[in-house]
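The next block holds one structure in the form of C-alpha coordinates; read it before the comments.
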Amino acid sequence: MIRIEHLTKTYATDGHDRCVLDDINLTINDGDIFGIIGESGAGKSTLVRCINLLEHPTSGRVLIGDRDITSYTGKELITLRRGIGMIFQNFSLFQQRNVLSNVEFPLELQHEDKAKSHARASELLEMVGLGDKGSYYPSQLSGGQQQRVAIARALANSPKIMLCDEATSALDTMTTHSILELLKTINRDLGVTIVFITHSLAVAESICNRIAVIDAGHIVEQGATADVFKNPQAKVTRELLGMEGQVLA
Amino acid sequence: MEWFQSFFAQYGTLLAQGTWDTIVMTFVSTLFAYVIGIPLGVLVVVTASDGLRPHHALNTVLGWIVNIGRSIPFIILLVALIPFTRWVVGTSLGVPGAIVPLVISAAPFVARMVEQSLREVDGGLVEAAQSFGASSWQIVCKVLLHEGLPSLIRGVSITFITLFGYSAMAGTVGAGGLGDIAIRYGYQRYQNDVMFATIIILIVLVQIVQTAGDHLAFKLDKRNR
(Lines give C-alpha, C1' and ligand atoms only; values in the text may rest on other atoms or scores of the structure.)
Protein backbone atom coordinates (compact mmCIF):
# COMPACT_ATOMS: atom_id res chain seq x y z
CA MET A 1 0.00 0.00 0.00
CA ILE A 2 1.20 3.48 -0.81
CA ARG A 3 0.00 6.30 1.38
CA ILE A 4 0.68 9.95 0.68
CA GLU A 5 -0.09 12.20 3.63
CA HIS A 6 -0.24 15.99 3.54
CA LEU A 7 2.39 16.09 0.87
CA THR A 8 3.49 19.55 -0.22
CA LYS A 9 6.15 20.46 -2.73
CA THR A 10 7.40 24.00 -3.18
CA TYR A 11 10.07 25.25 -5.51
CA ALA A 12 11.99 28.40 -4.66
CA THR A 13 12.44 30.37 -7.85
CA ASP A 14 13.73 33.94 -8.24
CA GLY A 15 12.85 35.06 -4.76
CA HIS A 16 9.31 33.76 -4.49
CA ASP A 17 8.04 30.25 -3.80
CA ARG A 18 6.06 28.24 -6.31
CA CYS A 19 3.75 25.66 -4.75
CA VAL A 20 3.48 22.72 -7.12
CA LEU A 21 1.75 20.25 -4.79
CA ASP A 22 -0.47 21.38 -1.93
CA ASP A 23 -1.50 19.06 0.90
CA ILE A 24 -1.91 15.93 -1.20
CA ASN A 25 -3.56 12.94 0.47
CA LEU A 26 -3.85 9.66 -1.43
CA THR A 27 -4.09 5.98 -0.71
CA ILE A 28 -3.11 3.43 -3.32
CA ASN A 29 -3.95 -0.16 -2.45
CA ASP A 30 -1.89 -3.19 -3.40
CA GLY A 31 -2.98 -4.45 -6.78
CA ASP A 32 -4.58 -1.16 -7.85
CA ILE A 33 -4.07 0.38 -11.19
CA PHE A 34 -4.31 3.91 -9.84
CA GLY A 35 -4.66 6.76 -12.28
CA ILE A 36 -3.61 10.33 -11.59
CA ILE A 37 -5.18 12.61 -14.15
CA GLY A 38 -4.63 16.27 -14.78
CA GLU A 39 -3.70 18.90 -17.30
CA SER A 40 -0.09 19.77 -18.12
CA GLY A 41 1.49 21.56 -15.22
CA ALA A 42 -1.04 20.28 -12.68
CA GLY A 43 1.70 18.56 -10.71
CA LYS A 44 1.12 14.91 -11.56
CA SER A 45 4.68 14.20 -12.74
CA THR A 46 6.06 15.80 -9.59
CA LEU A 47 3.66 13.79 -7.46
CA VAL A 48 4.62 10.45 -8.95
CA ARG A 49 8.30 11.31 -8.55
CA CYS A 50 7.75 11.82 -4.83
CA ILE A 51 6.97 8.12 -4.57
CA ASN A 52 10.47 7.05 -5.57
CA LEU A 53 12.01 10.28 -4.33
CA LEU A 54 13.22 11.53 -7.67
CA GLU A 55 11.61 14.61 -6.19
CA HIS A 56 11.79 15.28 -2.47
CA PRO A 57 8.64 16.51 -0.73
CA THR A 58 8.98 19.84 1.04
CA SER A 59 6.66 18.56 3.77
CA GLY A 60 4.35 15.62 4.40
CA ARG A 61 4.97 11.90 4.28
CA VAL A 62 5.13 9.07 1.79
CA LEU A 63 4.57 5.61 3.23
CA ILE A 64 5.14 2.40 1.33
CA GLY A 65 3.83 -0.56 3.23
CA ASP A 66 4.51 0.41 6.84
CA ARG A 67 7.66 2.36 6.14
CA ASP A 68 7.92 6.12 6.06
CA ILE A 69 10.27 6.53 3.14
CA THR A 70 10.12 10.32 2.92
CA SER A 71 13.62 11.01 4.17
CA TYR A 72 15.39 7.97 2.80
CA THR A 73 18.88 8.64 1.45
CA GLY A 74 21.95 6.68 0.39
CA LYS A 75 21.74 2.89 0.54
CA GLU A 76 18.17 2.88 1.87
CA LEU A 77 17.06 4.99 -1.06
CA ILE A 78 18.83 2.77 -3.57
CA THR A 79 17.21 -0.33 -2.11
CA LEU A 80 13.83 1.39 -2.12
CA ARG A 81 14.17 2.34 -5.77
CA ARG A 82 15.07 -1.20 -6.74
CA GLY A 83 11.66 -2.24 -5.51
CA ILE A 84 9.91 0.32 -7.72
CA GLY A 85 9.92 0.22 -11.52
CA MET A 86 9.33 3.31 -13.65
CA ILE A 87 8.54 4.00 -17.28
CA PHE A 88 8.55 7.36 -19.03
CA GLN A 89 6.81 9.22 -21.82
CA ASN A 90 9.87 9.20 -24.07
CA PHE A 91 10.93 5.68 -23.06
CA SER A 92 14.40 6.76 -21.81
CA LEU A 93 16.14 3.72 -23.26
CA PHE A 94 19.93 3.75 -23.36
CA GLN A 95 20.70 4.39 -27.00
CA GLN A 96 24.21 2.90 -26.95
CA ARG A 97 23.02 -0.40 -25.46
CA ASN A 98 21.03 -3.05 -27.27
CA VAL A 99 17.59 -4.15 -26.12
CA LEU A 100 18.82 -7.05 -24.00
CA SER A 101 21.46 -4.88 -22.36
CA ASN A 102 18.85 -2.22 -21.59
CA VAL A 103 16.68 -4.76 -19.83
CA GLU A 104 19.67 -6.14 -17.92
CA PHE A 105 20.68 -2.67 -16.74
CA PRO A 106 18.93 -2.70 -13.34
CA LEU A 107 20.52 -6.09 -12.60
CA GLU A 108 23.92 -4.90 -13.77
CA LEU A 109 23.73 -2.13 -11.17
CA GLN A 110 23.62 -4.79 -8.48
CA HIS A 111 26.51 -6.73 -9.97
CA GLU A 112 24.17 -9.62 -10.66
CA ASP A 113 25.69 -12.71 -12.24
CA LYS A 114 25.83 -12.22 -16.00
CA ALA A 115 24.24 -15.52 -16.92
CA LYS A 116 21.38 -14.90 -14.52
CA SER A 117 20.78 -11.36 -15.82
CA HIS A 118 20.82 -12.64 -19.36
CA ALA A 119 18.25 -15.31 -18.58
CA ARG A 120 16.04 -12.92 -16.64
CA ALA A 121 16.19 -10.28 -19.40
CA SER A 122 15.38 -12.83 -22.10
CA GLU A 123 12.43 -14.06 -20.08
CA LEU A 124 11.10 -10.52 -19.67
CA LEU A 125 11.53 -9.74 -23.37
CA GLU A 126 9.52 -12.87 -24.19
CA MET A 127 6.82 -11.69 -21.83
CA VAL A 128 6.50 -8.33 -23.58
CA GLY A 129 6.54 -9.97 -27.00
CA LEU A 130 10.03 -8.96 -28.08
CA GLY A 131 11.90 -12.23 -27.50
CA ASP A 132 13.60 -12.05 -30.89
CA LYS A 133 14.68 -8.40 -30.63
CA GLY A 134 17.39 -8.75 -28.01
CA SER A 135 20.26 -7.69 -30.24
CA TYR A 136 18.45 -4.73 -31.77
CA TYR A 137 19.21 -1.16 -30.79
CA PRO A 138 16.51 1.31 -29.65
CA SER A 139 16.96 3.39 -32.82
CA GLN A 140 15.77 0.37 -34.80
CA LEU A 141 12.53 0.00 -32.89
CA SER A 142 9.14 1.67 -33.14
CA GLY A 143 7.73 3.71 -30.25
CA GLY A 144 5.52 0.89 -29.06
CA GLN A 145 8.39 -1.58 -29.14
CA GLN A 146 10.61 0.81 -27.23
CA GLN A 147 8.02 1.24 -24.51
CA ARG A 148 7.77 -2.54 -24.25
CA VAL A 149 11.51 -2.74 -23.73
CA ALA A 150 11.18 -0.03 -21.10
CA ILE A 151 8.47 -2.05 -19.37
CA ALA A 152 10.64 -5.18 -19.43
CA ARG A 153 13.51 -3.14 -17.98
CA ALA A 154 11.30 -1.72 -15.24
CA LEU A 155 10.32 -5.27 -14.24
CA ALA A 156 13.89 -6.61 -14.07
CA ASN A 157 14.07 -6.41 -10.29
CA SER A 158 10.58 -7.86 -9.84
CA PRO A 159 9.23 -4.71 -8.26
CA LYS A 160 5.89 -4.65 -6.51
CA ILE A 161 5.14 -1.13 -7.74
CA MET A 162 5.39 0.36 -11.20
CA LEU A 163 5.20 4.10 -11.87
CA CYS A 164 4.10 5.14 -15.36
CA ASP A 165 4.69 8.78 -16.26
CA GLU A 166 2.59 9.58 -19.32
CA ALA A 167 3.69 6.21 -20.67
CA THR A 168 1.33 6.27 -23.65
CA SER A 169 1.26 10.00 -24.39
CA ALA A 170 3.76 9.69 -27.22
CA LEU A 171 2.07 6.70 -28.86
CA ASP A 172 -0.73 6.38 -31.40
CA THR A 173 -4.12 4.97 -30.42
CA MET A 174 -3.56 1.36 -31.41
CA THR A 175 -0.10 1.20 -29.85
CA THR A 176 -1.49 2.84 -26.71
CA HIS A 177 -4.10 0.13 -26.53
CA SER A 178 -1.55 -2.67 -26.77
CA ILE A 179 0.65 -1.10 -24.10
CA LEU A 180 -2.33 -0.69 -21.79
CA GLU A 181 -3.22 -4.35 -22.35
CA LEU A 182 0.33 -5.31 -21.45
CA LEU A 183 0.16 -3.28 -18.25
CA LYS A 184 -3.16 -4.88 -17.34
CA THR A 185 -1.61 -8.32 -17.84
CA ILE A 186 1.35 -7.41 -15.63
CA ASN A 187 -0.96 -6.11 -12.94
CA ARG A 188 -3.10 -9.22 -13.05
CA ASP A 189 -0.45 -11.92 -13.46
CA LEU A 190 2.42 -10.46 -11.46
CA GLY A 191 0.38 -8.53 -8.90
CA VAL A 192 2.24 -5.29 -9.62
CA THR A 193 0.58 -2.15 -8.26
CA ILE A 194 0.55 0.45 -11.03
CA VAL A 195 0.43 4.21 -10.60
CA PHE A 196 -0.48 5.67 -13.96
CA ILE A 197 -0.08 9.36 -14.78
CA THR A 198 -1.95 10.69 -17.78
CA HIS A 199 -3.72 13.71 -19.12
CA SER A 200 -6.17 11.49 -20.99
CA LEU A 201 -9.39 10.44 -19.30
CA ALA A 202 -10.01 7.87 -22.00
CA VAL A 203 -6.74 6.13 -21.22
CA ALA A 204 -7.44 6.27 -17.48
CA GLU A 205 -10.89 4.85 -17.93
CA SER A 206 -9.45 2.04 -19.97
CA ILE A 207 -7.19 0.55 -17.29
CA CYS A 208 -7.48 2.29 -13.94
CA ASN A 209 -9.71 0.89 -11.25
CA ARG A 210 -9.27 3.99 -9.10
CA ILE A 211 -8.38 7.51 -10.08
CA ALA A 212 -7.49 10.87 -8.60
CA VAL A 213 -7.90 14.14 -10.47
CA ILE A 214 -5.28 16.79 -9.82
CA ASP A 215 -5.61 20.47 -10.65
CA ALA A 216 -3.00 23.15 -9.91
CA GLY A 217 -1.38 21.05 -7.22
CA HIS A 218 -4.60 19.96 -5.48
CA ILE A 219 -6.42 16.64 -5.56
CA VAL A 220 -9.92 17.72 -6.49
CA GLU A 221 -11.47 14.30 -6.74
CA GLN A 222 -10.60 10.66 -6.11
CA GLY A 223 -12.38 7.34 -6.04
CA ALA A 224 -13.34 4.32 -8.09
CA THR A 225 -13.08 5.12 -11.79
CA ALA A 226 -16.65 4.24 -12.59
CA ASP A 227 -17.94 6.45 -9.76
CA VAL A 228 -15.87 9.46 -10.74
CA PHE A 229 -16.91 9.19 -14.34
CA LYS A 230 -20.59 8.70 -13.59
CA ASN A 231 -20.72 11.39 -10.96
CA PRO A 232 -17.90 13.91 -11.34
CA GLN A 233 -17.89 16.24 -8.37
CA ALA A 234 -15.20 18.68 -9.27
CA LYS A 235 -15.51 21.34 -11.93
CA VAL A 236 -12.19 20.33 -13.47
CA THR A 237 -13.29 16.71 -13.82
CA ARG A 238 -16.50 17.76 -15.48
CA GLU A 239 -14.57 20.02 -17.81
CA LEU A 240 -12.16 17.25 -18.69
CA LEU A 241 -15.03 14.87 -19.36
CA GLY A 242 -16.94 17.47 -21.32
CA MET A 243 -13.95 18.46 -23.41
CA GLU A 244 -12.96 14.89 -24.16
CA GLY A 245 -16.57 14.24 -25.09
CA GLN A 246 -16.29 17.04 -27.63
CA VAL A 247 -13.01 15.80 -29.01
CA LEU A 248 -14.24 12.25 -29.34
CA ALA A 249 -17.65 13.16 -30.77
CA MET B 1 59.79 15.91 -61.60
CA GLU B 2 63.48 16.42 -61.23
CA TRP B 3 62.84 19.27 -58.87
CA PHE B 4 60.73 17.04 -56.65
CA GLN B 5 63.42 14.39 -56.59
CA SER B 6 66.16 16.78 -55.57
CA PHE B 7 63.89 18.42 -53.02
CA PHE B 8 63.10 15.12 -51.32
CA ALA B 9 66.73 14.04 -51.50
CA GLN B 10 67.71 17.16 -49.60
CA TYR B 11 64.83 17.55 -47.15
CA GLY B 12 63.14 14.16 -47.10
CA THR B 13 64.70 12.92 -43.89
CA LEU B 14 64.19 16.25 -42.18
CA LEU B 15 60.51 16.35 -43.09
CA ALA B 16 59.99 12.71 -42.18
CA GLN B 17 61.56 13.25 -38.76
CA GLY B 18 59.54 16.43 -38.28
CA THR B 19 56.31 14.65 -39.20
CA TRP B 20 57.08 11.84 -36.82
CA ASP B 21 57.93 14.28 -34.01
CA THR B 22 54.69 16.18 -34.58
CA ILE B 23 52.63 12.99 -34.53
CA VAL B 24 54.30 11.68 -31.37
CA MET B 25 54.03 15.05 -29.59
CA THR B 26 50.39 15.44 -30.49
CA PHE B 27 49.39 11.86 -29.76
CA VAL B 28 51.08 11.62 -26.37
CA SER B 29 49.86 15.08 -25.34
CA THR B 30 46.29 14.26 -26.33
CA LEU B 31 46.46 11.05 -24.33
CA PHE B 32 47.67 12.72 -21.14
CA ALA B 33 45.35 15.67 -21.67
CA TYR B 34 42.45 13.20 -21.59
CA VAL B 35 43.83 11.42 -18.53
CA ILE B 36 43.55 14.75 -16.70
CA GLY B 37 40.68 16.24 -18.70
CA ILE B 38 38.11 13.45 -18.33
CA PRO B 39 38.07 13.42 -14.50
CA LEU B 40 38.15 17.22 -14.52
CA GLY B 41 35.25 17.46 -16.97
CA VAL B 42 33.26 14.84 -15.06
CA LEU B 43 33.77 16.75 -11.80
CA VAL B 44 32.64 20.01 -13.38
CA VAL B 45 29.42 18.36 -14.60
CA VAL B 46 28.72 16.40 -11.42
CA THR B 47 29.28 19.35 -9.05
CA ALA B 48 27.25 21.83 -11.13
CA SER B 49 24.02 23.18 -9.68
CA ASP B 50 22.05 20.89 -11.99
CA GLY B 51 24.46 18.00 -11.50
CA LEU B 52 24.33 14.72 -9.58
CA ARG B 53 26.13 16.09 -6.51
CA PRO B 54 25.89 19.88 -6.57
CA HIS B 55 28.77 21.53 -4.75
CA HIS B 56 28.92 25.24 -5.44
CA ALA B 57 32.34 25.93 -3.93
CA LEU B 58 34.12 23.07 -5.65
CA ASN B 59 32.39 23.75 -8.94
CA THR B 60 33.40 27.41 -8.84
CA VAL B 61 37.04 26.60 -8.09
CA LEU B 62 37.20 24.01 -10.86
CA GLY B 63 35.56 26.45 -13.25
CA TRP B 64 38.20 29.03 -12.45
CA ILE B 65 41.05 26.57 -12.93
CA VAL B 66 39.68 25.51 -16.31
CA ASN B 67 39.05 29.09 -17.41
CA ILE B 68 42.51 30.27 -16.37
CA GLY B 69 44.08 27.32 -18.16
CA ARG B 70 42.21 28.25 -21.31
CA SER B 71 43.00 31.95 -21.03
CA ILE B 72 46.77 31.76 -21.11
CA PRO B 73 48.00 31.78 -24.72
CA PHE B 74 49.93 28.61 -25.41
CA ILE B 75 53.06 30.42 -26.51
CA ILE B 76 53.24 32.19 -23.14
CA LEU B 77 52.46 29.04 -21.19
CA LEU B 78 55.20 27.26 -23.12
CA VAL B 79 57.85 29.69 -21.95
CA ALA B 80 56.43 30.19 -18.44
CA LEU B 81 56.45 26.45 -17.79
CA ILE B 82 60.09 25.89 -18.72
CA PRO B 83 61.25 25.38 -15.12
CA PHE B 84 58.32 23.05 -14.43
CA THR B 85 58.92 21.13 -17.67
CA ARG B 86 62.58 20.66 -16.72
CA TRP B 87 61.52 19.33 -13.35
CA VAL B 88 59.08 16.82 -14.84
CA VAL B 89 60.99 15.47 -17.85
CA GLY B 90 64.49 16.78 -17.27
CA THR B 91 64.60 19.07 -20.31
CA SER B 92 62.67 21.90 -21.92
CA LEU B 93 63.68 20.95 -25.45
CA GLY B 94 62.63 18.43 -28.03
CA VAL B 95 59.50 16.32 -27.98
CA PRO B 96 59.45 15.66 -24.20
CA GLY B 97 59.98 19.36 -23.60
CA ALA B 98 56.93 20.18 -25.69
CA ILE B 99 54.64 17.53 -24.27
CA VAL B 100 54.46 18.99 -20.75
CA PRO B 101 53.18 22.44 -21.76
CA LEU B 102 50.96 20.87 -24.43
CA VAL B 103 49.27 18.68 -21.81
CA ILE B 104 48.86 21.55 -19.33
CA SER B 105 47.37 23.72 -22.03
CA ALA B 106 45.13 21.05 -23.53
CA ALA B 107 43.72 19.51 -20.32
CA PRO B 108 41.36 22.45 -19.55
CA PHE B 109 40.25 22.46 -23.19
CA VAL B 110 39.54 18.74 -22.97
CA ALA B 111 37.66 19.26 -19.70
CA ARG B 112 35.29 21.68 -21.46
CA MET B 113 34.84 19.30 -24.39
CA VAL B 114 34.09 16.43 -22.01
CA GLU B 115 31.66 18.66 -20.09
CA GLN B 116 29.92 19.51 -23.34
CA SER B 117 29.67 15.85 -24.39
CA LEU B 118 28.27 14.76 -21.05
CA ARG B 119 25.72 17.57 -20.99
CA GLU B 120 24.44 16.38 -24.35
CA VAL B 121 23.32 13.08 -22.81
CA ASP B 122 19.54 13.11 -22.45
CA GLY B 123 18.63 14.01 -18.86
CA GLY B 124 15.80 11.49 -19.05
CA LEU B 125 18.36 8.69 -19.18
CA VAL B 126 20.01 9.91 -16.00
CA GLU B 127 16.60 10.08 -14.33
CA ALA B 128 15.76 6.58 -15.51
CA ALA B 129 19.05 5.26 -14.11
CA GLN B 130 18.34 6.95 -10.79
CA SER B 131 14.90 5.34 -10.72
CA PHE B 132 16.57 1.92 -10.93
CA GLY B 133 18.76 2.69 -7.94
CA ALA B 134 22.02 3.63 -9.67
CA SER B 135 24.69 5.33 -7.57
CA SER B 136 26.25 8.58 -8.81
CA TRP B 137 29.39 6.72 -9.79
CA GLN B 138 27.38 4.20 -11.79
CA ILE B 139 25.52 7.00 -13.52
CA VAL B 140 28.78 8.69 -14.50
CA CYS B 141 30.33 5.50 -15.89
CA LYS B 142 27.38 3.57 -17.25
CA VAL B 143 25.20 6.41 -18.45
CA LEU B 144 27.10 9.67 -18.99
CA LEU B 145 30.39 8.35 -20.33
CA HIS B 146 28.86 5.40 -22.17
CA GLU B 147 26.03 7.33 -23.82
CA GLY B 148 28.34 10.24 -24.47
CA LEU B 149 30.99 8.15 -26.19
CA PRO B 150 30.36 9.17 -29.83
CA SER B 151 30.46 12.81 -28.80
CA LEU B 152 33.61 12.24 -26.74
CA ILE B 153 35.32 10.70 -29.76
CA ARG B 154 34.44 13.69 -31.88
CA GLY B 155 36.01 15.75 -29.14
CA VAL B 156 39.21 13.74 -29.44
CA SER B 157 39.45 14.66 -33.15
CA ILE B 158 39.01 18.31 -32.31
CA THR B 159 41.59 18.16 -29.54
CA PHE B 160 44.09 16.29 -31.68
CA ILE B 161 43.84 18.82 -34.49
CA THR B 162 44.04 21.75 -32.09
CA LEU B 163 47.19 20.24 -30.65
CA PHE B 164 48.72 19.91 -34.13
CA GLY B 165 48.43 23.68 -34.25
CA TYR B 166 49.92 24.16 -30.79
CA SER B 167 52.76 21.76 -31.53
CA ALA B 168 53.80 24.00 -34.39
CA MET B 169 54.30 26.83 -31.89
CA ALA B 170 56.43 24.51 -29.78
CA GLY B 171 58.90 24.86 -32.61
CA THR B 172 59.75 28.35 -31.40
CA VAL B 173 61.43 26.93 -28.34
CA GLY B 174 63.28 24.36 -30.37
CA ALA B 175 60.94 21.51 -29.61
CA GLY B 176 61.17 19.88 -33.02
CA GLY B 177 58.31 18.88 -35.27
CA LEU B 178 56.90 20.37 -38.45
CA GLY B 179 56.35 23.80 -36.91
CA ASP B 180 59.98 23.93 -35.93
CA ILE B 181 61.00 23.18 -39.51
CA ALA B 182 58.59 25.72 -40.92
CA ILE B 183 60.03 28.41 -38.68
CA ARG B 184 63.71 27.57 -39.00
CA TYR B 185 63.71 27.01 -42.76
CA GLY B 186 60.64 28.83 -43.93
CA TYR B 187 60.71 31.91 -41.75
CA GLN B 188 64.36 32.31 -40.76
CA ARG B 189 65.93 31.14 -44.00
CA TYR B 190 63.17 32.26 -46.37
CA GLN B 191 62.93 28.78 -47.86
CA ASN B 192 59.33 28.86 -48.95
CA ASP B 193 59.42 25.46 -50.59
CA VAL B 194 60.17 23.80 -47.24
CA MET B 195 57.50 25.81 -45.46
CA PHE B 196 55.03 24.89 -48.15
CA ALA B 197 55.91 21.24 -47.75
CA THR B 198 55.27 21.34 -43.98
CA ILE B 199 51.90 22.98 -44.59
CA ILE B 200 50.88 20.30 -47.05
CA ILE B 201 51.91 17.56 -44.65
CA LEU B 202 49.91 19.18 -41.85
CA ILE B 203 46.85 19.48 -44.09
CA VAL B 204 47.09 15.78 -44.93
CA LEU B 205 47.52 14.82 -41.27
CA VAL B 206 44.52 16.89 -40.21
CA GLN B 207 42.38 15.39 -42.98
CA ILE B 208 43.33 11.88 -41.91
CA VAL B 209 42.62 12.53 -38.24
CA GLN B 210 39.29 14.25 -38.86
CA THR B 211 38.08 11.60 -41.27
CA ALA B 212 39.18 8.76 -38.99
CA GLY B 213 37.53 10.44 -36.00
CA ASP B 214 34.27 11.05 -37.85
CA HIS B 215 34.23 7.51 -39.13
CA LEU B 216 34.90 5.99 -35.73
CA ALA B 217 32.28 8.16 -34.02
CA PHE B 218 29.73 7.23 -36.67
CA LYS B 219 30.45 3.51 -36.48
CA LEU B 220 30.36 3.42 -32.69
CA ASP B 221 27.13 5.42 -32.44
CA LYS B 222 24.38 2.83 -32.17
CA ARG B 223 21.79 5.45 -33.08
CA ASN B 224 22.98 5.13 -36.65
CA ARG B 225 21.93 1.52 -37.02
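Residues in the range A:149-162 that are in contact with a helix residue (DSSP H, G or I) (Cβ under 7 Å, 6 or more places away or on another chain) and within 19 Å of residue A:181 (Cβ to Cβ): 6 in all. For the range A:112-148, residues that are under 21 Å from the mean Cα position of the chain (by Cα) and over 22 Å from residue A:177 (Cα atoms) total 1. Look at residue A:94 and say whether it is part of a helix (DSSP H, G or I), of a type in the set (Phe, Trp, Tyr), within 11 Å of chain B (Cβ to nearest Cβ) and more than 30 Å from residue A:18 (Cα to Cα). Judged against the criteria, residue A:94 is not a match. Taking the condition without any contact (Cβ under 8 Å) to a residue 40 or more places away in the chain, under 28 Å from residue A:2 (Cβ atoms) and either more than 8 Å from chain B (Cβ to nearest Cβ) or in a helix (DSSP H, G or I) (or both), does residue A:121 pass? Judged against the criteria, residue A:121 is a match. Inside the range B:1-22, residues that are within 30 Å of residue B:111 (Cα to Cα) and surrounded by fewer than 17 Cβ atoms within 10 Å (Cβ to Cβ) make up a count of 1.
When you scan the range B:2-11, do you find a residue that is touching a residue at least 24 places away in the same chain (Cβ under 8 Å), aliphatic (A, V, I, L, M) and over 30 Å from residue B:150 (Cα atoms), even just one? No: zero hits.
Would you confirm whether any residue within the range A:11-30 is of a type outside the set (S, T, N, Q), under 21 Å from residue A:169 (Cα atoms), out of contact with any strand residue (DSSP E or B) (no Cβ under 6 Å at 6 or more places or on another chain) and not in a strand (DSSP E or B)? There is no residue in the range A:11-30 that is of a type outside the set (S, T, N, Q), under 21 Å from residue A:169 (Cα atoms), out of contact with any strand residue (DSSP E or B) (no Cβ under 6 Å at 6 or more places or on another chain) and not in a strand (DSSP E or B). In this entry, residue A:166 passes the filter for residues that are touching a residue at least 24 places away in the same chain (Cβ under 8 Å), in contact with a strand residue (DSSP E or B) (Cβ under 8 Å, 6 or more places away or on another chain) and more than 10 Å from every other protein chain (Cβ to nearest Cβ). Residue B:117 passes every criterion in (1) within 14 Å of chain A (Cβ to nearest Cβ); (2) surrounded by fewer than 20 Cβ atoms within 10 Å (Cβ to Cβ) apart from (2). Quick check on the range B:70-80. Is at least one of its residues surrounded by fewer than 18 Cβ atoms within 10 Å (Cβ to Cβ) and at pLDDT 95 or above? The answer is no, given that none of the residues of the range B:70-80 is surrounded by fewer than 18 Cβ atoms within 10 Å (Cβ to Cβ) and at pLDDT 95 or above. Among the conditions (1) within 13 Å of chain B (Cβ to nearest Cβ); (2) closer than 25 Å to residue B:120 by Cα; (3) not in a loop (DSSP other than H, G, I, E, B), residue A:78 misses just one, which is (2). Taking the criterion of being under 16 Å from the mean Cα position of the chain (by Cα) and not in a loop (DSSP other than H, G, I, E, B), the residues of the range B:72-90 that qualify are B:74, B:75, B:77, B:78. Residues that are under 22 Å from residue A:155 (Cα atoms) and either of a type in the set (S, T, N, Q) or more than 14 Å from chain B (Cβ to nearest Cβ) (or both) within the range A:49-58 comprise just one, A:52. Within the range A:59-67, is even one residue in a loop (DSSP other than H, G, I, E, B), more than 10 Å from chain B (Cβ to nearest Cβ) and either surrounded by fewer than 21 Cβ atoms within 10 Å (Cβ to Cβ) or of a type in the set (D, E, K, R) (or both)? Checked the range A:59-67: at least one residue is in a loop (DSSP other than H, G, I, E, B), more than 10 Å from chain B (Cβ to nearest Cβ) and either surrounded by fewer than 21 Cβ atoms within 10 Å (Cβ to Cβ) or of a type in the set (D, E, K, R) (or both). Count of the range B:45-65 residues, restricted to those that are over 15 Å from residue B:139 (Cα atoms) and assigned to a helix (DSSP H, G or I), is 10. Looking only at the range B:139-155, residues that are at the interface with chain A (Cβ under 8 Å from one of its Cβ atoms) and under 24 Å from residue A:158 (Cβ atoms) come to 2 in all.
Here is a yes/no grid of residues against (1) of a type outside the set (Asp, Glu); (2) in a strand (DSSP E or B); (3) more than 21 Å from residue A:7 (Cα to Cα):
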residue: A:183; (1), (2), (3): yes, no, yes
residue: A:205; (1), (2), (3): no, no, yes
residue: A:222; (1), (2), (3): yes, yes, no
residue: A:226; (1), (2), (3): yes, no, yes
residue: A:229; (1), (2), (3): yes, no, yes
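Answer yes or no: is there a residue in the range B:166-181 that is within 14 Å of another protein chain (Cβ to nearest Cβ) and in a helix (DSSP H, G or I). Among the residues of the range B:166-181, not one is within 14 Å of another protein chain (Cβ to nearest Cβ) and in a helix (DSSP H, G or I), which makes the answer no. The single residue among A:74, A:85 that is surrounded by 15 or more Cβ atoms within 10 Å (Cβ to Cβ) and small (Gly, Ala, Ser) turns out to be A:85. Considering the range B:120-138, and only residues there that are more than 7 Å from every other protein chain (Cβ to nearest Cβ) and in a helix (DSSP H, G or I), the residue that is surrounded by the most Cβ atoms within 10 Å (Cβ to Cβ) turns out to be B:129. Residue count for the range A:113-145 satisfying the condition of being crowded, with 19+ Cβ neighbours inside 10 Å and among the hydrophobic types (A, V, I, L, M, F, W, C): 5.
The values are calculated or read from the model by the stated rules, or taken from the named source; none is laboratory data. Predicted model only: the values in this text are computed from it and were never measured. Note: ideal-geometry Cβ built from the backbone for every residue, glycine included; neighbour counts use all protein chains shown.
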